[in-house]
1. Failed condition for Arg246, given (1) out of contact with any His (no Cβ under 9 Å at 6 or more places or on another chain); (2) in contact (Cβ under 8 Å) with a residue 40 or more places away in the chain, with all others met?
2. Could you list all residues from region 81-117 that are aliphatic (A, V, I, L, M) and over 16 Å from Pro62 (Cβ atoms)?
3. Kindly indicate the residue of region 140-155 that is farther than 17 Å from Asn56 by Cα and surrounded by fewer than 14 Cβ atoms within 10 Å (Cβ to Cβ) and also farthest from the chain's Cα centre (by Cα) among those meeting that condition.
4. When only residues in region 123-139 that are within 24 Å of the chain's Cα centre (by Cα) and assigned to a loop (DSSP other than H, G, I, E, B) count, which is surrounded by the fewest Cβ atoms within 10 Å (Cβ to Cβ)?
5. Do you know which residues across region 158-180 are assigned to a helix (DSSP H, G or I) and touching a Lys or Arg at 6+ places or on another chain (Cβ under 7 Å)?
6. Are there any strands (runs of 3 or more DSSP E) wholly within region 195-306 with 1 or more residues that are under 22 Å from the mean Cα position of the chain (by Cα), of a type in the set (Lys, Arg) and crowded, with 21+ Cβ neighbours inside 10 Å, and if so which?
7. So, in region 90-122, of the ones that are polar (S, T, N, Q) and within 30 Å of the chain's Cα centre (by Cα), which residue ends up nearest to Gly133 (Cα to Cα)?
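Please treat every number below as a calculation from the coordinates, not as lab data. Quick caveat: nothing in here was measured; it's all calculated off a predicted structure. Note that each Cβ is placed from the backbone with ideal geometry, even for glycine, and that neighbours are counted across all protein chains shown.
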Amino acid sequence: MSMKKWMLSLTAVTLLWGATSTIPTTEAASSTKPIEVLLNAKKIQFPDAKPFQDSNDYVMVPIRFVSEALGAKVGWEKTGGQLAVSIKNDAHAVNMTVGQNTATVDGQTKTYETKIILKQNRTFVPLRLVSEGLGQTVEWDKVSRWVWIGKKEIAALEDTGHKTVSIEPYKKAIGTIPALLSNSTDQPYDKIMIFKQSDLPIKLIRDVYSVEPYTSPKGVPYLKMRVKTKSTAGSIFFITENQNARLRPPLREMTQDNGDGTKMVYYPIYSSADELFHGIKNYKSLKLKDIEYIGFRLQADNYIPLMVNPWKGN
C-alpha cells in the first residue's frame, strides 16, 4: 500500500471512530480548571497563591506578581489597623486599602464590583483594576480560563529559546511510520525540537494554546487540544515507551468551534488503526502514561516539534 493510500485509510478509520464518539461539553469541562494569567502571551508563574474567581464570579489576581511582571513597584503600609497597598510604574500610580472596593488610580477614585482582599498573605484585586491601574489591555478568556494581559501575539517555538537537536536518537522510533520523517514537500527532517507543556501557548504552523487529557462519559481517553485554525488542526503522533510511533488524525465529529477563532480538537489515545496498520492486537492497552513524546506532524518545515508527555508514568 502506498503512503498516500495508507494515510487516506487511516483517516477513514479515524472518521469512523469519531462518528461513534460522544461530543464533549467544553464549558462543563473547563469550569473547574485553574485560572492562569498570561503577559504578552507568556504565562506568569505564581509560586503560591493562585488567581481565582470569587463567589460573585469576579476574577481576582495576586497583584504583586502581576505588577512586578509589568515592571511596577509594590509597597505596603499598615496604619490604623488597615493595610494600604501602593503600586507605581513610570506612567501610573495606584493606592488601595485591603477590605475596600475602591482604589485611587492616578488621583481618581475608582469603584470595583468586589473588595480587595488578603488571602494566603497575598493581596488580591479585581481583574479590572489591573487594566485601569496599570494601563494594560486585559481580556478574560472563558474557554481556557485565562487572563490575557497586554499583547496576544504568540511566539513561534523557535523564538522561545528552544534549540533544535539531531533527529538521530529518535529516528528509529519516529520512522516506524515512515511518513513522519518527511515534511510537506517530502524533504527529510534531520532535526527535532523538544518542548514542554508549560511552554504553551506556542506558534507552530497553527497557534497551539493548550494540550490536556480528556476522558469521555463512557471512559474513553483522549488528548484535547485548543488550536487557532480556520480549517483542520492537523495530525499528531505518539512515541511510546516501546519506541514506536502511533499516528492520530483529529476526530472531526468531536471538534468544537469556540467562536473566537480557536477550536477544541480531540485525538484518541488508542485506535483500532494500530491493529489494522501495525498488527497490534492489544491496541486498547495503550494509555497516556505509556507515551514519552507527543509529536506534531507537518507543523514545521525544518524540524519535528516534540512535546514531553507530562503525564508519563502517572
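1. Among (1) out of contact with any His (no Cβ under 9 Å at 6 or more places or on another chain); (2) in contact (Cβ under 8 Å) with a residue 40 or more places away in the chain, Arg246 violates only (1).
2. The initial filter retains those residues of region 81-117 that are aliphatic (A, V, I, L, M), namely 83-85, 87, 91, 93-94, 96, 98, 103, 105, 116-117.
Those that are aliphatic (A, V, I, L, M) and over 16 Å from Pro62 (Cβ atoms): Ala84, Ala91, Ala93, Val105.
3. Selected residue: Lys151.
4. Thr137
5. First pass over region 158-180, keeping only residues assigned to a helix (DSSP H, G or I): 158-159, 168-174, 178-180.
The one that is assigned to a helix (DSSP H, G or I) and touching a Lys or Arg at 6+ places or on another chain (Cβ under 7 Å): Leu180.
6. Values: elements: 207-215, 221-228, 236-240, 245-248, 262-268, 291-296.
Strands (runs of 3 or more DSSP E) meeting the threshold: 221-228, 245-248, 262-268.
7. We begin by selecting, within region 90-122, every residue polar (S, T, N, Q); these are 95, 97, 100-102, 104, 108-109, 111, 114, 120-121.
Subset that is within 30 Å of the chain's Cα centre (by Cα): 114, 120-121.
Working: Thr114: 15, Gln120: 23, Asn121: 21 Å.
Here the residue is Thr114.
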